[in-house]
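Here the structure comes first, spelled out in structure tokens, and everything after it is commentary.
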Amino acid sequence: MNALADILFGGLFQGSLYAMMAVGLALVWTTIGVFNFSHGVLMMLGAYFAWQLVDWGLTAALAFPIAVLLMAGVGWVLQATVVRPLIGRANLVLVVVITTLAAGSLIENGVLELWGPRSKQIPPLVAGNAMLGGVGVSLHQIAIIVVTPIILLALWLFLNRTRLGLALRAVAQNEDAARLVGLNVTMLYGLAFAIAASLAALAGIFLGGYRFMTPVMGADPLLKALIVVVFGGISSISGPIFAAYLIGFFEAICSYYFGLYWTPALLFAALILTLMIKPEGIFASRSRGLA
Amino acid sequence: MMNMLSVTGLTAGYGRVTVLHGIGIEAGKHGNVGLFGPNGHGKTTLLRAVSGLLKPKAGSIVFDGADITGESARSIVARGLVHVPQGNTLFPDLTIADCMSLGAFSPHARPHEAANKERVAALFPKLAERWRQRVRTLSGGERQMVSIGVALMSHPKLLILDEPTLGLAPKIKDELCKAVLDISKAGVPLIVVEQDVEFLLELTNHLYFINHGQVETEIKPGDSLAHSDIMAMYFGQ
């Protein structure tokens, strides 16, 4: 009973975090067709914004949404400065890897300069602890497990049930055709980045509520998000979401039975095996585009 | 009737290469307009400049009384000037229904969405049968039908068709030609680029022969013209 509760809880929690980290990365890839290597830094910046607002005396309920909104603006600006001017160039994917890495590095060092290296913590979404099936858990973690699927569902509904979401899915597939039906390509690109940065900020707030924050806290989540996206398949938004939970449970099972030490090795072994059998990712079709 | 579209002295190209050298055409006065001429001489470039996909370097484009030179494709669509590009691959992972709903994205087209959808379904019964099918699974002819359908959803005042029957099997080509004639009969003026001279002559008697990025010959309604004359223009005397 204890083992089951442990694995179930661990899997759901890690899966939720991974999904939250990966979905923004997947969104930018599926709409604009580039990998945003500053995604981890955006996560960190969102957490620092939240920390600063709380430090200025705002309540968490106010500070978190403001931080998320601010990050939407940051995402938009980032897109307008280091991505949009390059659209249409040869080797766009590689060039944007460099420019987003560079922007991320600038932001990271800016944060280090501004807020210093000392680790910080933001208040949890919900304070307190609870016992669940014989396992002690924090309410913050429970909140993440509950909130994440709601946000992902909202994103899915937006992309699949609204005309603007439809436009966002279309713009990646054929830019000329998108312009000829009257889509504002520039706005849609900005929107994709703004949503992705907001989701990153939210992931940062989740992380900062139970772990100490440092200016480099985004590096590991970015790597995880990349694994999730590659594992789930980069063709859709739902693939990475399922993959995130799958990896979460995989890690929970591995760390329970084989220990934390072996978990990364086993995860990569599973990843390599998956990609050998299905190079496009487990949940993917062959093409790019949200579904 | 006023000219719906006047293009004058239009110069455009890609990078340093100039494709159009001060080209001028008029459309809308005599109904449909046909463009023909050898490949690589600017027909598609002209249409891309007219619909706002390509910024012209010089010249002017006036549509429906307004100067639209250099306007974005988005605002040009919103004026009712709708372009079906050559070999449009559309949105491979969207369904036909999704594409139709994108066609009605422009605010001016929204109020007519339901009516236009019925119109497309009546025009292409084949599509109406598989509204939920993804575009990538369609044949070239079916995709061309979706392309034209999407354009109709944008509620066009003037419709530009760039080689609507290119590379299609004869049977499906006949179907498309009939649909294009139906659209024209319903009162939407067309600008059509087409290699099939028979079809072009059935559709219109106002033609421009485009060569080296310029109008080499304009054939106005009333000018006597035989199939062989056009062949002579293509291939020289």
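The values are calculated or read from the model by the stated rules, or taken from the named source; none is laboratory data. Small disclaimer: the values here were computed from a predicted structure and weren't measured. Here the Cβ positions follow ideal geometry from the backbone for every residue, glycine too, while neighbour counts run over all protein chains shown. For the accessible areas, the whole protein counts, side chains as well, though only heavy atoms, and no ligand, DNA or RNA atoms are used. Shrake-Rupley method; radii C 1.70, N 1.55, O 1.52, S 1.80 Å.
Here are the numbers for this structure:
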{"item": "Output for the range B:51-71, where each listed residue is open to solvent by less than 10 Å² (accessible area, probe 1.4 Å) and either free of Cβ contacts under 8 Å to residues at least 60 places away in the same chain or more than 8 Å from every other protein chain (Cβ to nearest Cβ) (or both)", "result": "B:GLY52, B:ILE61, B:PHE63, B:ILE68"}
{"item": "Among residues of the range B:93-123, those that are assigned to a loop (DSSP other than H, G, I, E, B) and either away from every other protein chain (no Cβ under 13 Å) or open to solvent by 40 Å² or more (accessible area, probe 1.4 Å) (or both), counted", "result": "2"}
{"item": "Qualifying positions in the range A:181-200 - open to solvent by less than 10 Å² (accessible area, probe 1.4 Å) and either among the hydroxyl-bearing types (Ser, Thr, Tyr) or at the interface with chain B (Cβ under 7 Å from one of its Cβ atoms) (or both)", "result": "A:VAL181, A:GLY182, A:LEU183"}
{"item": "Any chance B:GLY28 is small (Gly, Ala, Ser) and either open to solvent by less than 10 Å² (accessible area, probe 1.4 Å) or under 20 Å from B:VAL197 (Cα atoms) (or both)", "result": "yes"}
{"item": "Single condition A:VAL82 does not satisfy, out of (1) over 29 Å from A:LEU125 (Cβ atoms); (2) open to solvent by 40 Å² or more (accessible area, probe 1.4 Å); (3) in contact with a helix residue (DSSP H, G or I) (Cβ under 6 Å, 6 or more places away or on another chain); (4) not charged (D, E, K, R)", "result": "(2)"}
{"item": "Among (1) open to solvent by 30 Å² or more (accessible area, probe 1.4 Å); (2) over 25 Å from B:VAL146 (Cα atoms); (3) without any contact (Cβ under 8 Å) to a residue 24 or more places away in the chain, the one test that B:ASN39 misses", "result": "(2)"}
{"item": "Members of the range A:246-286 that are under 19 Å from the mean Cα position of the chain (by Cα) and at positive phi", "result": "A:GLY281"}
{"item": "Options B:ARG74, B:ARG48: the member that is outside any loop (DSSP other than H, G, I, E, B), in contact with a helix residue (DSSP H, G or I) (Cβ under 7 Å, 6 or more places away or on another chain) and within 14 Å of chain A (Cβ to nearest Cβ)", "result": "B:ARG74"}
{"item": "Total residues in the range A:144-180, condition of a type in the set (Phe, Trp, Tyr) and either within 14 Å of another protein chain (Cβ to nearest Cβ) or within 29 Å of B:ILE148 (Cα to Cα) (or both)", "result": "1"}
{"item": "So A:LEU132, is it without any contact (Cβ under 8 Å) to a residue 60 or more places away in the chain and either away from every other protein chain (no Cβ under 14 Å) or of a type in the set (S, T, N, Q) (or both)", "result": "no"}
{"item": "Residue tally, condition of a type in the set (A, V, I, L, M), surrounded by 16 or more Cβ atoms within 10 Å (Cβ to Cβ) and not in a loop (DSSP other than H, G, I, E, B), over the range A:102-128", "result": "3"}
{"item": "Any hit, the range A:166-180, residues being outside any helix (DSSP H, G or I) and open to solvent by 50 Å² or more (accessible area, probe 1.4 Å)", "result": "no"}
{"item": "Residue that is over 28 Å from B:THR18 (Cα atoms) and at pLDDT 90 or above, where the choices are B:SER224, B:SER184", "result": "B:SER184"}
{"item": "Selection count where residues are within 20 Å of the chain's Cα centre (by Cα) and acidic (Asp, Glu), scope the range A:76-116", "result": "1"}
{"item": "Matching option when the condition is closer than 27 Å to A:SER236 by Cβ and either more than 11 Å from chain A (Cβ to nearest Cβ) or surrounded by fewer than 16 Cβ atoms within 10 Å (Cβ to Cβ) (or both), among B:LEU127, B:LEU159, B:LEU90, B:LEU168", "result": "B:LEU127"}
{"item": "Residue among A:TYR210, A:TYR245 that alone is assigned to a helix (DSSP H, G or I), in contact (Cβ under 8 Å) with a residue 40 or more places away in the chain and open to solvent by 40 Å² or more (accessible area, probe 1.4 Å)", "result": "A:TYR245"}
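Every residue, every condition in (1) surrounded by 24 or more Cβ atoms within 10 Å (Cβ to Cβ); (2) touching a strand residue (DSSP E or B) at 6+ places or on another chain (Cβ under 9 Å), yes or no:
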residue	(1), (2)
A:LEU4	no, no
A:LEU12	no, no
A:GLY15	yes, no
A:TYR18	yes, no
A:GLY24	yes, no
A:VAL28	yes, no
A:THR31	yes, no
A:SER38	yes, no
A:MET44	yes, yes
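To keep it simple, each residue is scored yes or no on (1) in contact with a Ser or Thr (Cβ under 8 Å, 6 or more places away or on another chain); (2) over 24 Å from B:LEU46 (Cβ atoms); (3) among the acidic types (Asp, Glu).
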{"residue": "B:GLN133", "(1), (2), (3)": "yes, yes, no"}
{"residue": "B:LEU138", "(1), (2), (3)": "no, yes, no"}
{"residue": "B:LEU152", "(1), (2), (3)": "no, no, no"}
{"residue": "B:LYS157", "(1), (2), (3)": "no, no, no"}
{"residue": "B:VAL197", "(1), (2), (3)": "no, no, no"}
{"residue": "B:ASN205", "(1), (2), (3)": "no, no, no"}
{"residue": "B:TYR208", "(1), (2), (3)": "yes, no, no"}
